[in-house]
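The values are calculated or read from the model by the stated rules, or taken from the named source; none is laboratory data. Predicted model only: the values in this text are computed from it and were never measured. Positions of Cβ are generated from backbone atoms using ideal geometry, with glycine treated the same way; all protein chains shown enter the neighbour counts. What goes into the accessible areas is simple: the full protein's heavy atoms, side chains included, and nothing from ligands, DNA or RNA. Shrake-Rupley method; radii C 1.70, N 1.55, O 1.52, S 1.80 Å.
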Amino acid sequence: MAGFEYDITKHGAEAFSRVAYFCSEKGECGVEEVPADQLQVMRDILNNRGAEGWELVQLFFGQEGVVGFWKRRL
């Protein structure tokens, strides 16, 4: 049975000036205000890591940036 290896990456807030996933008091969530260039930054990170065989497990957004949790088969 194949195992996995895991990696955690940090991507600073300077690369994501307006990336924010938010929920209103009514529970409505969205990314409507995220500019296209910011979405491209995230797309590039996902595609680059995916090309190396990494699969995204989870993203956490915070004031200081984004933390990504990745896994790939050994």
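Summary of computed values
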quantity	calculated
Rounded to the nearest 10 Å², the accessible area of Leu59 at probe 1.4 Å	40
Point-to-point label distance, Ala51-Glu25, nm (Cα→Cβ direction, 7 Å offset)	4.6
Accessible-area ranking of Arg72, Arg49, Arg43, largest first, probe 1.4 Å	Arg43, Arg72, Arg49
